[in-house]
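Asker: Quick one: the structure is below, questions incoming.
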Amino acid sequence: MTSTCDLCSSPGGELLYEDDLARIVSVESADYPGYCRVVLRAHVRELTDLPPVDRRHLMDLVFATETAVLGTVNPDKINVASLGNVTPHVHWHVIPRWSLDPCFPNPIWGKQLRDPSPRHPPQNLTGKLRAAIALHLAD
């Protein structure tokens, strides 16, 4: 763990799930309700630095998160990204996208093409995501 790493020094969002390897957090975003991150607990820069069993488990967490977000907020598309250019700590973004969101079809970090239109997430979105993630990980 390093104090200069944002993902080591803070959860990175509201906790939805955690185990010995990683945590899944909800990222507050008015334009992208249901946006989650899957964050490796250890400060590791690259996926290939992990043993294969940990890589597989991390991807199981990403897939469970994607499935939960799809079923909970019903987006038009899901973006799954692991960049690490700004924060070199293994983590995945799981981002719900709508055809009329501010940047679509650009990445959410790209050029905004239209004014944001308010998204109305389901009530108790965090609780619903937690339950859906737990359900998909139990499979």
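Asker: Going by what's in this entry, would VAL86 be described as at negative phi and modelled with pLDDT under 95?
Answerer: Judged against the criteria, VAL86 is a match.
Asker: Still on this model: Can you name the condition, by its number, that CYS5 falls short on among (1) within 28 Å of ASP101 (Cα to Cα); (2) surrounded by fewer than 19 Cβ atoms within 10 Å (Cβ to Cβ); (3) not hydroxyl-bearing (Ser, Thr, Tyr)?
Answerer: (1)
Asker: Let me ask something else. Among the listed residues HIS93, HIS89, which satisfies the condition of being within 23 Å of THR48 (Cβ to Cβ) and assigned to a loop (DSSP other than H, G, I, E, B)? Give the derivation first.
Answerer: On the way: HIS93 fails: assigned to a loop (DSSP other than H, G, I, E, B).
That would be HIS89, the only listed residue that is within 23 Å of THR48 (Cβ to Cβ) and assigned to a loop (DSSP other than H, G, I, E, B).
Asker: Give the number of residues within the range 56-83 that are free of Cβ contacts under 8 Å to residues at least 60 places away in the same chain and either touching a strand residue (DSSP E or B) at 6+ places or on another chain (Cβ under 9 Å) or surrounded by 14 or more Cβ atoms within 10 Å (Cβ to Cβ) (or both). Full working, then the answer.
Answerer: To start, the set of residues in the range 56-83 that are free of Cβ contacts under 8 Å to residues at least 60 places away in the same chain comprises 56-59, 62, 66, 70, 73-83.
Adding the requirement that they be either touching a strand residue (DSSP E or B) at 6+ places or on another chain (Cβ under 9 Å) or surrounded by 14 or more Cβ atoms within 10 Å (Cβ to Cβ) (or both) leaves 57-59, 62, 66, 70, 73-83.
Qualifying residue count for the region: 17.
Asker: For the range 112-135, how many residues are surrounded by fewer than 10 Cβ atoms within 10 Å (Cβ to Cβ) and under 17 Å from ARG37 (Cβ atoms)? Don't jump to the end; show me each part of the working.
Answerer: Step one: of the range 112-135, the residues surrounded by fewer than 10 Cβ atoms within 10 Å (Cβ to Cβ) are 115, 118, 120, 123.
Next, from what is left, pick out any that are under 17 Å from ARG37 (Cβ atoms): none.
Residues flagged as surrounded by fewer than 10 Cβ atoms within 10 Å (Cβ to Cβ) and under 17 Å from ARG37 (Cβ atoms) within the range 112-135 amount to 0.
Asker: Oh, and also: Based on what the data block shows, is PRO102 in a loop (DSSP other than H, G, I, E, B) and either more than 15 Å from the chain's Cα centre (by Cα) or more than 12 Å from TYR35 (Cα to Cα) (or both)? Spell out the reasoning first.
Answerer: Working: in a loop (DSSP other than H, G, I, E, B): yes; either more than 15 Å from the chain's Cα centre (by Cα) or more than 12 Å from TYR35 (Cα to Cα) (or both): yes.
Considered against the rule, which asks whether it is in a loop (DSSP other than H, G, I, E, B) and either more than 15 Å from the chain's Cα centre (by Cα) or more than 12 Å from TYR35 (Cα to Cα) (or both), PRO102 comes out as yes.
Asker: I want to confirm something. Restricting to the range 20-31 and keeping residues that are within 16 Å of ILE108 (Cβ to Cβ) and either at pLDDT 95 or above or in contact with a Leu (Cβ under 9 Å, 6 or more places away or on another chain) (or both), which single residue is surrounded by the fewest Cβ atoms within 10 Å (Cβ to Cβ)? Steps first, answer last, please.
Answerer: Our first condition is that a residue be within 16 Å of ILE108 (Cβ to Cβ); within the range 20-31, this holds for 26-31.
Subset that is either at pLDDT 95 or above or in contact with a Leu (Cβ under 9 Å, 6 or more places away or on another chain) (or both): 26-27.
On the way: SER26: 21, VAL27: 16.
Selected residue: VAL27.
The values are calculated or read from the model by the stated rules, or taken from the named source; none is laboratory data. Here the structure is a predicted model, which is why all the values come from computation and not from measurement. With ideal geometry, Cβ positions are generated from the backbone for all residues, glycine too; neighbour counts draw on all protein chains shown.
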